[in-house]
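J.: Can you keep this structure in mind? I'll have questions shortly.
The values are calculated or read from the model by the stated rules, or taken from the named source; none is laboratory data. Quick caveat: nothing in here was measured; it's all calculated off a predicted structure. Virtual Cβ from ideal backbone geometry, glycine too; neighbours counted across all protein chains shown. Surface areas here come from the heavy atoms of the whole protein model, side chains and all, with no ligands, DNA or RNA. Shrake-Rupley method; radii C 1.70, N 1.55, O 1.52, S 1.80 Å.
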Amino acid sequence: MFYRMMREGKVFTTSLPNQQASSDIICGILDRGQDILYVGFSSGLSGTYEATVNLLDNMRSEYPERKIYTCDTRGASLGQGLLVLYAADMREAGKSIEDTHAWLEEHRFHLAHWFTVDDLMYLYRGGRVSRTSATAANILSIKPVLHMDNPGHLIPREKVRSRKRSIKALFNHMVESYDPSYGPQHIAISHGDCLEDALELKAMIEAEPSFDIRDFTINYVDPVIGSHSGPGTLALFFLGTSRG
């Protein structure tokens, strides 16, 4: 429904979370005697992380007995989600909140984000690229391949002339930077209502013998990110030697 509305011309906007609602959720967790490890959306793309950290800083004096840690993932979508998944794995394995936080801080810049979009005009509307770049790409049927850099910004890396080639480019970047030292990996693919493309990319990865895959997560790009990237977005997330 969301992506159909976008294709029909509906324009969506995003905003910071309601601070009172965030405060209520945080207080509820702390009041139950639980500690907090906040794994946040990239500060390079949104003020959400800073706003939430400010709330948590205020809570430290009110709940001195509780442990409160924060991690700016400098990531988004299922890239951020994979770090949450690895943190959950560590908790289930009995790791402390301190050890889990330290692991996230050390390895967050190895969580590679590679993605392509079908129409750059959505990124233009969100202020991510210029109108000239978006218009030229659409006229020439250019499909950009982008990634997330360490400061957490979206960076164009290459341009290809067809959808098939853009999907293959995502796979090629995984071949180039996949890090086998992590052992079996969770691999995540998110899509803007283009499941067939996501499954095509998954099949490429499964056929590559050098990858040690624990499992796949395939899901929609959420509406917050999708409102900026648009229908046809395809993104790949994995642990690499670097982000790219």
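J.: Percent of Cα-Cα pairs more than 21 Å apart in the stretch 1-111, please. If you can, show how the numbers build up before the last one.
T.: Details: 2794 of 6105 pairs.
In whole percent, the share of Cα-Cα pairs in the stretch 1-111 beyond 21 Å is 46.
J.: Rounded to the nearest percent, how much of the accessible area of the chain (1.4 Å probe, protein heavy atoms only) is carbon and sulfur? Walk me through the intermediate numbers first.
T.: Numbers: 6160 of 11960 Å².
It is 52 percent, rounded to a whole number.
J.: I would also like to ask the following. How many angstrom lie between the C-alpha centres of the stretch 93-116 and the stretch 176-244?
T.: Centre-to-centre (Cα) distance: 17 Å.
J.: Which value, in Å to one decimal place, does the Kirkwood hydrodynamic radius take for the chain when every pair of different Cα atoms is included?
T.: Values: mean 1/r = 0.0526 Å⁻¹.
Hydrodynamic radius (Kirkwood, Cα only) of the chain equals 19.0 Å.
J.: While we're here: Counting helices only, and only those DSSP H runs with n ≥ 4, report the 222 nm mean residue ellipticity of the chain as the sum of -39,500 (n - 2.57) divided by its residues, in deg cm²/dmol to the nearest 500.
T.: Details: 10 runs with 109 residues, N = 244.
Mean residue ellipticity, 222 nm, calculated: -13500 deg cm²/dmol.
J.: Counting only heavy atoms of the protein chains, get the accessible area per residue of the stretch 157-231 (1.4 Å probe) and round it to a whole Å² value. Show your work: numbers first, answer last.
T.: Numbers: 3750 Å² over 75 residues.
Computed with neighbouring chains in place, this is 50 Å² per residue.
J.: May I pose another question? Based on Cβ point charges of +1 for Lys and Arg and -1 for Asp and Glu, what charge dipole magnitude is obtained for the stretch 135-244 about its Cα centre, in debye rounded to the nearest 20?
T.: 480
J.: Taking amide H positions as placed in the peptide plane 1.01 Å from N, state which residues far from D193 in sequence (5 or more) or on other chains have amide H under 5 Å from it.
T.: Under 5 Å from the amide H of D193: V221, G232.
J.: With charges set only on the Cβ (+1 for Lys and Arg, -1 for Asp and Glu), what does the dipole of the chain come to about its Cα centre, in debye to the nearest 20?
T.: Value, rounded to 20: 1080 debye.
J.: Further, regarding this structure: Could you tell me which of I189, I167, L45 has its Cα farthest along the dipole of the chain towards the positive end, charges placed at Cβ (Lys, Arg +1; Asp, Glu -1), taken about the Cα centre?
T.: The one lying farthest along the dipole's positive direction is I167.
J.: Give me the accessible area per residue for the stretch 2-54, probe 1.4 Å, as a whole number in Å². Mind showing how you got there, number by number?
T.: On the way: 3090 Å² over 53 residues.
Computed with neighbouring chains in place, this is 58 Å² per residue.
J.: Count the DSSP beta bridges whose two residues both fall in the chain, then state the antiparallel fraction as a percent rounded to the nearest 5.
T.: Values: 20 of 32 bridges.
Antiparallel: roughly 60 percent of the beta bridges in the chain.
J.: Something else about it: Over the stretch 150-244, what per residue volume does the convex hull of the Cα atoms give, in whole Å³? Each step should come with its number before you reach the end.
T.: Working: hull volume 10.0 nm³, N = 95.
About 106 Å³ per residue, rounded to a whole number.
J.: Would you mind finding the longest exposed-site-free stretch of the chain, with exposed GluC sites (Glu not before Pro) meaning DSSP loop and at most 12 other Cβ atoms within 10 Å? Could you put the intermediate results ahead of the total?
T.: Details: sites that count: E8, E65.
Here the longest segment lacking exposed loop sites spans 66-244.
J.: Give the residue from G244, T233, G33 lying farthest towards the positive end of the charge dipole for the chain; charges sit on Cβ (+1 for Lys and Arg, -1 for Asp and Glu) and the dipole is referred to the Cα centre.
T.: T233
J.: For F238, list long-range residues whose amide hydrogen, built 1.01 Å from N in the peptide plane, is under 5 Å from its own amide hydrogen.
T.: Correct list: A112.
J.: So what's the stretch 32-92 giving for Cα Rg divided by 2.2 N^0.38 Å, two decimals?
T.: Cα Rg divided by the expected 2.2 N^0.38 Å: 1.18.
J.: Pull up all non-local amide H partners of R157: gap of 5 or more, or a different chain, and H-to-H distance under 5 Å with H placed in the peptide plane.
T.: V145, L146, H147
J.: Something else about it: Show log10 I(q)/I(0) for the stretch 72-117 at q = 0.24 Å⁻¹, two decimals, from a solvent-free Debye sum over equal Cα scatterers.
T.: One equal scatterer on each Cα of the stretch 72-117 leads to -0.83.
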